[in-house]
Amino acid sequence: MQLQIVPSILSGDFGHLADEAKRVEEAGADALHIDVMDGHFVPNLTLGPKAVSSISRACNLFLDVHLMIYNPYDYIEPFVKAGADRLTIHLEATEDVEATLGFIRRCNVQAGLAFCPETSESILPKYFDKCDLLLLMTVNPGFGGQEFMPEVLKKVEFAHEFSKKYSKNAPLIQVDGGINLQTAKACVAAGANVLVSGSYLFKAKEMREAIASLKALREELDF
Ligand code: DX5
Ligand code: ZN
């Protein structure tokens with residue numbers, strides 16, 4: 001499977017979200033990551049369904065919506081209507097994880113499940129066949145521009161090893177937080193196949209080149 005590169009619009013200019021989404025599309029990204037924060041689960045506030053709907057109209061990118069919110073169940077339908085293609089909920093913020101993942105899938109979008117850095121890997125196998133993507137956070141969620149936490153690589157390796165048993169039905173393994181060319185290399189070597197990157201891609205002189213160099217990692221590492 002090809003490595004997917006997914007820029008996070010959190011590092012974009014919020015005064016020009018539509019233009020930023022088009023810029024990401026023209027730069028050759030595989031999808032667009034949209035961070036939704038509620039000021040409770042994480043100490044920050046960002047975007048809601050209305051902004052997602054505007055972004056959806058502005059581009060043809062697959063919209064990967066990362067919900068850092070409590071009670072995500074209540075917001076699934078509004079985000080699906082807004083044009084989300086995947087909704088990722090947090091294990092730590094969700095009362096009934098299985099029911100919420102099931103509902104997301106019944107809405108005909110992909111279901112992702114995110115884990116904070118300190119959450120133990122031992123709980124991962126329970127959800128392997130219940131989601132389309134595992135998001136292993138490589139920073140504490142809430143802000144862009146933080147430093148990558150290398151201790152999460154063990155969890156990525158664990159997920160990768162486990163996913164071999166599931167072959168083609170295995171969920172994607174996404175990493176998010178502090179991803180640049182160096183840290184991406186370590187993540188891909190550990191088994192990640194979807195890389196979210198905010199500040200590194202948005203600050204790059206040429207986003208297209210930065211995306212291409214991340215994409216090339218898979219071949220470089222001979223996967
Ligand atoms: C952090 C968000 C990330 C963030 C990543 O809570 O989930 O998606 O945008 O930004 P960088 O790549 O700058 O760490
Ligand atoms: Zn995110």
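Each value in this text was obtained by applying a stated rule to the coordinates, not by laboratory testing. Predicted, not measured: the structure shown is a model, and the values here were computed from it. Cβ coordinates were reconstructed from backbone atoms using ideal geometry, including for glycine residues, and neighbour counts include every protein chain displayed.
Before moving on, here are some points about what is shown:
- For the pair Lys22 and Glu219 in one chain, pulling the backbone fully straight at 0.36 nm per residue adds 68.2 nm over the alpha carbon distance.
- Of Gln146, Gln182, Gln174, the one that fluctuates the most in a GNM where the chain has Cα springs shorter than 10 Å: Gln182
- Centre separation in Å (Cα based) which lies between the stretch 161-190 and the stretch 62-99: 21
- Placing a label point 7 Å from the Cα of Ser54 along the Cα-to-Cβ direction, the residues of the stretch 60-100 with a backbone N closer than 17 Å are 60, 79, 82-84.
- Extension gain from Asn44 to Lys168, taking 0.36 nm per residue of separation minus the Cα-Cα distance: 41.0 nm
- Think of the stretch 48-128 as having a plus end and a minus end, set by charges on the Cβ of Lys, Arg, Asp and Glu; of Ser56, Gly102, Phe115, Ser56 sits farthest toward the positive end of this dipole.
- Beta bridges by DSSP in the chain, antiparallel share as percent, to the nearest 5: 5
- Computed from backbone phi, the HN-Hα couplings of the stretch 191-201 come to x, 6, 10, 9, 10, 9, 8, x, 4, 4, 6 Hz, rounded to whole numbers (Karplus: 6.51 cos²θ - 1.76 cosθ + 1.60, θ = phi - 60°; Gly and Pro given as x).
- DSSP bridge pairs, the stretch 28-123: antiparallel proportion in percent, nearest 5: 5
- Given charges at Cβ of Lys, Arg, Asp, Glu: the stretch 162-223 dipole, positive-most of Ala212, Tyr166, Leu201: Tyr166
- Considering helices alone, the calculated mean residue ellipticity of the chain at 222 nm is -10000 deg cm²/dmol, with DSSP H runs of length four and up weighted by -39500 (n - 2.57) and normalised per residue.
- Electrostatic tally near His16: other residues with Cβ closer than 12 Å to its Cβ, Lys and Arg +1, Asp and Glu -1, net -1.
- Proximal charge balance of Leu124 [Cβ under 13 Å; K/R count +1, D/E count -1]: +1
- Summary of packing: across the peptides 27-36, 107-116, the per-residue average of other C-beta atoms within 10 Å ranks them, highest first, as 27-36, 107-116.
- Label point 7 Å beyond Cα of Tyr73 along Cβ direction - residues of the stretch 88-119 with amide nitrogen under 11 Å: 94-103
- Magnitude of the charge dipole for the chain, about its Cα centre and with charges confined to Cβ atoms of Lys, Arg (+1) and Asp, Glu (-1), is about 420 debye.
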